[in-house]
Amino acid sequence: GELPRLRALAESGGGAFLHAPNFSIGVALFLKAAAELARRFADQPEFGGYILDLHHAAKQDAPSGTGRLLQRVVAEASGRPALPVTSVRAGHLPGTHTLAYDGPFESVSLTHEARDRAVFAQGAVLAAEWLVGRTGSFTFDDVLFGSDR
């Protein structure tokens, strides 16, 4: 898409560019935990994994950018094919994402639930403040974790 062009434009002009499909601090930490869970379940073939992506009825994309990112993070961490994503669009849900593994005798799930859309603004403000004085192309992980990716 347009991301490589925008990154190059910012870098060639000495500016800064920061991109993230989600500016929630909780989602960033959730993705780190999801990657670890995916690594641990990669060698457990008796467990079937799946992702749930729940959002308000007006949400246009399905799965959401965060749902697609979760799918990619899990596939990369596990070295296995992408898990299926089920998207539900109903009511006024700000956003809930669940990674789950279901086995014959037990189930394990990890969930992030946004209770208010203000969480995304809070993260965007944090990112904007962090970006001041920097040049180059960055992600929200750079803001939160620096080189500890």
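Within the range 50-88, which residues are more than 15 Å from the chain's Cα centre (by Cα) and buried (at least 17 other Cβ atoms within 10 Å of the Cβ)? Listed by number, the residues that qualify are Lys59, Ser78. Restricting attention to the range 89-113 and to residues that are farther than 12 Å from Asp53 by Cα and in contact (Cβ under 8 Å) with a residue 24 or more places away in the chain, the residue that is most open to solvent (accessible area, probe 1.4 Å) turns out to be His92. The set of residues in the range 17-44 that are out of contact with any helix residue (DSSP H, G or I) (no Cβ under 7 Å at 6 or more places or on another chain), open to solvent by 50 Å² or more (accessible area, probe 1.4 Å) and either at pLDDT below 95 or farther than 11 Å from Tyr101 by Cβ (or both) comprises Leu29, Lys32, Glu36, Asp43. From the list Glu11, Glu2, the lone residue that is over 21 Å from Arg115 (Cβ atoms), exposed (fewer than 15 other Cβ atoms within 10 Å of the Cβ) and either in contact with a His (Cβ under 9 Å, 6 or more places away or on another chain) or in contact (Cβ under 8 Å) with a residue 24 or more places away in the chain (or both) is Glu11. Pairs linking a residue in the range 15-44 that is assigned to a loop (DSSP other than H, G, I, E, B) and of a type in the set (A, V, I, L, M) to a residue that is open to solvent by 50 Å² or more (accessible area, probe 1.4 Å) and modelled with pLDDT of 95 or more, with Cβ atoms under 8 Å and 6 or more positions apart or on different chains, are Ala42/Gly79; Ala42/Arg80.
The values are calculated or read from the model by the stated rules, or taken from the named source; none is laboratory data. Because the structure is predicted, anything quoted here is derived from the model rather than measured. Because the Cβ atoms are built from the backbone with ideal geometry, glycine has one as well, and the counts that use them run over all protein chains shown. For accessibility, only protein heavy atoms count, side chains too; no ligands or nucleic acids. Shrake-Rupley method; radii C 1.70, N 1.55, O 1.52, S 1.80 Å.
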